[in-house]
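One structure below.
The values are calculated or read from the model by the stated rules, or taken from the named source; none is laboratory data. Since the model is a prediction, treat every value here as computed from it, not as a measurement. Positions of Cβ are backbone-derived with ideal geometry, glycine not excepted, and every protein chain shown enters the neighbour counts. Quick note on the areas: whole protein, heavy atoms, side chains included, nothing else; ligands and nucleic acids left out. Shrake-Rupley method; radii C 1.70, N 1.55, O 1.52, S 1.80 Å.
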Amino acid sequence: MAVSPISYSSALGAGDCLVGSFHLDTGTGKFEWSEALFRLHGYKRGEIAPSVELLLAHKHPDDRARAAELISQVTREGGYFCLYHRMVDSRRRVRRVLTCGEGVLDEANRVTALDGVMIDLTATVRVETELAARDAIAGATASRTVIGQAQGILMGRLLISSAEAFNILAGHSSRTNVKLAFVAADLVRVADSTHGSGVLDSIVRAMQGTNVRSVRDVPIA
């Protein structure tokens, strides 16, 4: 009977990543699944008889052909395999899984078995995607905040509208090939520093013109 290995997810912590194992005897066609592999497919042991056909039937329709091709190739030629794909369990839930294994060869280089594991990465992918989205939103919010601060500085120094201030920042960003958020951050940094207003005025004038390559080139000492 196939035994499920111990799993670990860096995003979720130990034990939260479901992993099932399988063993296929290519001579007899006997297919053994671990308890976790039954669970991953939405079954309890005894409810269904494991088979390659059943395994493929649970692959996502868009991934089924590639999975079938890989199984066929490894069953013929042996060797290691690894496939990241989607599967649909008995409750129609889509899972994202990584299937890895080996086509076991005998001394005559004939494939005698297919051994492998299937790792459910659904929760890990979801958590990491949510974290990445959260970081992206935080970064975008921070960028908007610093750009707004820089606009406020220009509006106060030049007595111009918000739109005019943004155009100055965007124009300087374009001329110097420096990202808008960095241009804004440099201006805010100088405004918050202990340098006199003359330094800030010179930087503002530089941003209005074309003779200075970057705000960072303006001497502030």
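Enumerate the amide H contacts of Leu121 below 5 Å, restricted to partners 5 or more residues apart or on another chain; note that Pro and chain-start residues carry no placed amide H.
Excluding prolines and chain starts, which carry no amide H, the hits are Arg96, Val97, Leu98.
Report the calculated FRET efficiency for Gln208 and Tyr84 (r = Cβ-Cβ distance, R0 = 41 Å), to the nearest 0.05. Don't skip to the end; give the middle numbers.
Details: r = 52 Å, r/R0 = 1.27.
Once the sixth-power term is evaluated, E becomes 0.20.
Over segment 42-93, what percent of the accessible surface lies on carbon and sulfur atoms, probe 1.4 Å?
Numbers: 1660 of 3260 Å².
Reported share for carbon and sulfur atoms: 51 percent.
Arranged from highest to lowest average of other beta-carbon atoms within 10 Å per residue, in what order do the peptides 84-90, 67-73 appear? Walk me through the intermediate numbers first.
Working: 84-90: 16.9, 67-73: 15.1.
For the peptides 84-90, 67-73, the packing ranking is 84-90, 67-73.
Enter the mean projected area of the convex hull around the alpha-carbon atoms of segment 24-129, in nm², rounded to one decimal.
Details: hull surface 27.8 nm².
Mean projected area of the Cα convex hull: 6.9 nm².
Hey, can you grab everything whose amide H is under 5 Å from the amide H of Val104? Only 5+ residues off in sequence or another chain; H modelled, so Pro and N-termini drop out.
So Val104 has HN proximity to Thr112, Ala113, Leu114, Asp115.
Using packing as a proxy for protection, rank 91-101, 108-118, 31-41 so that the peptide with the highest average count of other Cβ atoms within 10 Å comes first. Don't jump to the answer; show the numbers that get you there.
Working: 91-101: 15.3, 108-118: 16.8, 31-41: 20.1.
Per-residue mean Cβ counts within 10 Å order the peptides as 31-41, 108-118, 91-101.
So what J values fall out for segment 79-93 if you push phi through Karplus, 6.51 cos²θ - 1.76 cosθ + 1.60 with θ = phi - 60°, rounded to Hz, Gly and Pro as x?
x, 8, 8, 8, 9, 9, 7, 10, 10, 10, 7, 5, 9, 6, 8
Each label point is 7 Å from the Cα along the Cα-to-Cβ direction; what then is the distance between the points at Asp201 and Val125, in nm?
6.0
For a paramagnetic label modelled at 7 Å from the Cα of Arg144 toward its Cβ, which residues of segment 164-179 fall within the zone defined by backbone nitrogen distances under 20 Å?
Under cut-off, by backbone N: 164-170, 179.
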